[in-house]
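See below for the structure under consideration.
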Amino acid sequence: MCGIVGYIGKRNAYPILIKGLKRLEYRGYDSAGVALISDQQALNVYKTKGKVSELETFVAEKDISGTIGIAHTRWATHGEPSPANAHPHYSSSARLALIHNGIIENYAVLKEKLQSKGYTFKSSTDTEVLVQLIEYIQDKRNIDLLAAVQLALREVIGAYAIAVLDRDHPDVVIAARKSSPLVVGIGEDEFFLASDATPIVEYTDKVVYLAEEEIAVLRRGEPLKIVNLHNVECEHEIQTVALNLGQLEKGGYPHFMLKEIYEQPDCIRDCMRGRINVENTNVVLSAIIDYKERLLAAKRFVIVACGTSWHAALIGKQLIETFCRIPVEVEYASEFRYRDPVIGSNDVVIAISQSGETADTLAAVELAKSRGAFIYGICNSVGSSIPRATHTGSYIHVGPEIGVASTKAFTGQVTVLTMLALTLAREKRSIDEERFLATVQELNRIPDKMKEVLKLNDTIAELAKIFTYAHNFIYLGRGFAYPVALEGALKLKEISYIHAEGYPAAEMKHGPIALVDTEMPVVVIATRNDLYEKVLSNIQEIKARKGKVIALVTEGDTVISKIADTCIELPETIECLDPLITTLPLQLLAYHVAVCKGMNVDQPRNLAKSVTVE
Ligand code: M6R
C-alpha cells in the first residue's frame, strides 16, 4: 500500500517524480524516496522518513539531474518507517535501484538463500530481497535486466508493482505488476509510470493499465513493449483517461476532505447523470438491464466491502430488501475471504470499493467468482482492479477522492445502490409505481438539499469547538440511520483520534448505556420517520443519565429540540434517502473537531487511502 512513480524521457525527471509522489501520498506517507540516473551516469538514491515534503528538504543540496528516475511513498508493512526501510532499495553493488508496492510473501526463504550466498541486507524490508535477487540472477546468468526481472518474479509469491533502474543501462525502466496496480502513461518520446493515473494526467491522457503478471519495458526512442514473465509479448489497449487537474487539487479549500464534502451535491448529480431521465420518472443502471435475467434469478445477494464502503453496503442491504424483496447479506471482505463461505452460482456478489484496489475486497471477489457467483462491482476509480475482476458493475463517478477519510465516495455509493435497487425492483415488479416515482423524484432533489445542509458548516464548526476535548463519543441511529451512525463514528475516530462507537439506538440499553455520564457526547440521528418515537425514547434514556445529546432532526422539529442539548436541523426527505442528508453534518463535525485538535485531516496517522495489503 504504497505509491510508485516513474519517468523516462527528455525532461528533468525529479520535479515530475516529486509532484507525482504528492498526488500519491494518499496511499502512504511513512517515508519517501527517489532514484535518478544523473547526467553523469551515477545512480543516486535519496530517501527519508516522513512525508514527501521532508524528502524535498533532504535533497535540497543534492544532485537531482537526470531524465530517468523512479520514486516511492511508503506505508510500512515489513520494517518500521525509517530511512533504511524507505524505498528505493539498492542492490548489493548499487547498480540497481528498485521500488515496490505490495508484499513478497516468501521473502524470508529468498533472503535466507541469498544470505547463504554471501548477500547482506541493509533494511528489514521484503523489497530489498527482490532487488538483491534480481542482481544475483543477472550476475549469475549474465543476462539483461528484463530477463533477470522475469526470472526473479517467477520465484516470488505475493503482490507487487515494481519499477527498476539499472545504472549501466540508463535508457530503460522495467516495471511489473501482480495484484498491485500500475499504469503507464504514454507521451511524446516519454513514458510515465504510476500506481494510478493521477500523477500522469498533467502530461498525457493516454494510458495503459498493466494486467496481472505483465512487465512493461519503457525504453527511450522505442514504443511501449509489454511482455509476460515468460517473455511472450502481450497485446495492450491504450485508453484515454478523463481526469482533469482541477479535480486533483484543493481548489482554495484548506483540506481535500473539506473540498470533497462540499463537492457532494455536484458529485451526486454526476452520479445520477444519464441514469435518471429528464422527466424524473425513470432510473436505469444499464448494467442491471444488461444482466437482469442473471440478477433476477439469484436466490440472494451478498455484499462484500471494507470500512466506509461496508457502511454503504449496510444501507444497500436495506434498499435492496425493501424494494426488491431479495435477501441480502453484508460481509466484511476480510472475513468472507477466509471463512470458506457458502457461495455459488445462485448468488450475486456485489463488491463495493472506492479505490477498486482494496486487497481484501479483491480477494473476496476472486473467491466468489471461483465458486460460480455472479459479481457486480460498485467502484469509483475507473479501470482499477476490482472493476476489471467483476462481471459487470456501475461506477459512482464522484471524481478522485484524495482525503484519506472517505466522504463523497460514501454518498456516491449510496446513490448507486439506491438506483440499483430501484432499477431492479422495477424489472422485478416488486415496487409499486407510486413509491418508485416518489423515490426517483426525491433522489433528484437530494443535491439541492445537500447544498442546504452545507450551509450549516459554520454552526457545526462552532459546535465542534465544544467537543474538541472529549475522549469518547457515541453515535446512535436506527434503520437506515444505523449505518450512518457507524460512518459518523468512523469519520471522527480516523481523523481526530477520539474514541467513537456507532450503535443501533435501541441496543444502548443492552450494555453501552453504562458508559453514559455528563462527559459523554451522544450524537443521535433523530430525523422524522417511522422510528421517530422510538428514537425519542432512546434520547430520553440518555438524558436521564445526563449524557450530552447532539441530535440531527428534521427542520421544524419542536419535540427533540426541547430535550437535546444541541439540535442540527436538516431538510426533510424520505427515510430511505435520509443517509444522503444526515451523513453530511457528521462528516463536517468530524472534520472540524480534527481541525480544532490540529490533526492532519487529509493524512491521518497510521492510515492510507488505499489498503492494498491484507
Ligand atoms: O477503497 P475502498 O472503498 O475499498 O476502501 C475501504 C476502506 O479502506 C475505506 O473506506 C476506509 O475505511 C476509509 N478510510 C474510511 O474513511
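The values are calculated or read from the model by the stated rules, or taken from the named source; none is laboratory data. Computed from a prediction, not measured in an experiment: that's the story for all the values here. Every residue, glycine as well, gets a Cβ built from its backbone with ideal geometry; the counts of neighbours run over all protein chains shown. We work out accessible area using only protein heavy atoms, side chains counted, and drop any ligands, DNA or RNA first. Shrake-Rupley method; radii C 1.70, N 1.55, O 1.52, S 1.80 Å.
In region 61-93, how many residues are in a loop (DSSP other than H, G, I, E, B), in contact with a helix residue (DSSP H, G or I) (Cβ under 7 Å, 6 or more places away or on another chain) and over 21 Å from G28 (Cβ atoms)? Before you say what the answer is, go through the steps one by one.
Kept after step one, since they are in a loop (DSSP other than H, G, I, E, B), are these residues of region 61-93: 61-67, 75-88, 91-93.
Going one step further and asking which of them are in contact with a helix residue (DSSP H, G or I) (Cβ under 7 Å, 6 or more places away or on another chain), we end up with 64, 66-67, 75, 78, 87, 91-93.
Filter once more, keeping what is over 21 Å from G28 (Cβ atoms): 64, 66-67, 91-93.
Count: 6.
Where residues in region 378-391 are of a type in the set (V, I, T) and out of contact with any Lys or Arg (no Cβ under 9 Å at 6 or more places or on another chain), which of them is farthest from the ligand (Cβ to nearest atom)?
Applying the filter and picking the extreme gives V382.
Would you check which residues across region 505-527 are open to solvent by 40 Å² or more (accessible area, probe 1.4 Å) and closer than 29 Å to M257 by Cβ and list them?
Result: L515, E519.
Do we find a residue being at negative phi, within 16 Å of the ligand (Cβ to nearest atom) and either assigned to a helix (DSSP H, G or I) or among the acidic types (D, E) (or both) anywhere in region 560-576?
Applying the first criterion (at negative phi) to region 560-576 yields 560-576.
Filter once more, keeping what is within 16 Å of the ligand (Cβ to nearest atom): none.
Taking every residue of region 560-576 in turn, none turns out to be at negative phi, within 16 Å of the ligand (Cβ to nearest atom) and either assigned to a helix (DSSP H, G or I) or among the acidic types (D, E) (or both).
Where in region 1-51 are there strands (runs of 3 or more DSSP E), lying fully within it, with 3 or more residues that are open to solvent by less than 10 Å² (accessible area, probe 1.4 Å), among the β-branched types (V, I, T) and at pLDDT 90 or above? Let's see the steps before the verdict.
On the way: elements: 3-8, 31-37, 43-49.
Where strands (runs of 3 or more DSSP E) fall fully within region 1-51 and carry at least 3 residues being open to solvent by less than 10 Å² (accessible area, probe 1.4 Å), among the β-branched types (V, I, T) and at pLDDT 90 or above, they are 3-8.
Return only the number of the condition from (1) within 26 Å of R300 (Cα to Cα); (2) open to solvent by 10 Å² or more (accessible area, probe 1.4 Å); (3) not basic (K, R) that V414 does not satisfy.
(2)
Quick check, is K562 of a type in the set (K, R) and within 29 Å of the chain's Cα centre (by Cα)?
So K562 does not fit the description; no.
Which residues, taken from region 193-216, are part of a strand (DSSP E or B) and open to solvent by less than 10 Å² (accessible area, probe 1.4 Å)?
L193, A194, V207, V208, I215, A216 - these are the residues of region 193-216 that are part of a strand (DSSP E or B) and open to solvent by less than 10 Å² (accessible area, probe 1.4 Å).
For region 563-591, which residues satisfy the criterion of being farther than 30 Å from N444 by Cβ and open to solvent by 20 Å² or more (accessible area, probe 1.4 Å)? Step through it out loud before you land on a result.
Kept after step one, since they are farther than 30 Å from N444 by Cβ, are these residues of region 563-591: 563-566.
Matches in region 563-591: I563, D565, T566.
Is it the case that L437 is modelled with pLDDT of 95 or more, over 15 Å from E575 (Cβ atoms) and either in the same structural domain as P579 (by TED's automatic domain parsing) or away from the ligand (no atom under 16 Å from the Cβ) (or both)?
Against the criterion (modelled with pLDDT of 95 or more, over 15 Å from E575 (Cβ atoms) and either in the same structural domain as P579 (by TED's automatic domain parsing) or away from the ligand (no atom under 16 Å from the Cβ) (or both)), L437 qualifies.
Counting only residues that are over 23 Å from V416 (Cα atoms) and outside any strand (DSSP E or B), how many does region 231-243 have?
7
Does A461 satisfy the condition of being of a type outside the set (D, E, K, R) and surrounded by fewer than 24 Cβ atoms within 10 Å (Cβ to Cβ)?
Yes, satisfied.
Going by the structure shown, is E222 within 19 Å of I68 (Cβ to Cβ), modelled with pLDDT of 95 or more and open to solvent by 40 Å² or more (accessible area, probe 1.4 Å)?
Working: within 19 Å of I68 (Cβ to Cβ): yes; modelled with pLDDT of 95 or more: yes; open to solvent by 40 Å² or more (accessible area, probe 1.4 Å): yes.
Yes; evaluated as a whole, the condition is true for this residue.
Select from region 437-451 the residues that are surrounded by fewer than 19 Cβ atoms within 10 Å (Cβ to Cβ), closer than 24 Å to R325 by Cβ and in contact with a helix residue (DSSP H, G or I) (Cβ under 8 Å, 6 or more places away or on another chain) and list them in ascending order.
Within region 437-451, E442 is the sole residue that qualifies.
Can you list residue pairs whose Cβ atoms sit under 8 Å apart, with the first residue in region 153-165 being closer than 18 Å to A35 by Cα and touching a residue at least 24 places away in the same chain (Cβ under 8 Å) and the second being among the basic types (K, R) and surrounded by 24 or more Cβ atoms within 10 Å (Cβ to Cβ)? Count only pairs 6 or more apart in sequence or on different chains.
That search, which allows pairs on different chains as well, returns A161/R177; I162/R177.
When you scan region 577-585, do you find a residue that is outside the structural domain of K259 (by TED's automatic domain parsing) and within 14 Å of the ligand (Cβ to nearest atom), even just one?
Applying the first criterion (outside the structural domain of K259 (by TED's automatic domain parsing)) to region 577-585 yields 577-585.
Then drop every residue that is not within 14 Å of the ligand (Cβ to nearest atom), which leaves 583.
Yes, the conditions are met somewhere in region 577-585.
Counting only residues that are among the charged types (D, E, K, R) and open to solvent by less than 30 Å² (accessible area, probe 1.4 Å), how many does region 464-493 have?
Of the residues in that region, 2 qualify.
With touching a strand residue (DSSP E or B) at 6+ places or on another chain (Cβ under 9 Å) and in the same structural domain as V208 (by TED's automatic domain parsing) as the only criterion, which of V241, V328 stands out?
Exactly one of V241, V328 is touching a strand residue (DSSP E or B) at 6+ places or on another chain (Cβ under 9 Å) and in the same structural domain as V208 (by TED's automatic domain parsing), namely V241.
Whether any residue in region 599-611 is under 25 Å from the mean Cα position of the chain (by Cα), buried (at least 19 other Cβ atoms within 10 Å of the Cβ) and basic (K, R) is what I want to check. Spell out how you get there, then give the answer.
First, the residues of region 599-611 that are under 25 Å from the mean Cα position of the chain (by Cα): 599-611.
After this cut, where a residue has to be buried (at least 19 other Cβ atoms within 10 Å of the Cβ) as well, the list is 601-604, 608-611.
With basic (K, R) added as a condition, the list becomes 609.
Yes.
In region 555-614, how many are under 25 Å from M520 (Cβ atoms) and β-branched (V, I, T)? Before you say what the answer is, go through the steps one by one.
Going residue by residue through region 555-614, those that are under 25 Å from M520 (Cβ atoms) are 557, 559-570, 578-579, 582-599, 601, 604-605.
Still in the list and also β-branched (V, I, T): 559-560, 563, 566, 568, 582-583, 593, 595, 601.
Selection size over region 555-614: 10.
Against the definition (touching a Phe, Trp or Tyr at 6+ places or on another chain (Cβ under 6 Å), within 16 Å of the ligand (Cβ to nearest atom) and not basic (K, R)), how does I402 come out, yes or no? Working first, answer last.
Details: touching a Phe, Trp or Tyr at 6+ places or on another chain (Cβ under 6 Å): yes; within 16 Å of the ligand (Cβ to nearest atom): yes; not basic (K, R): yes.
The answer is yes for I402.
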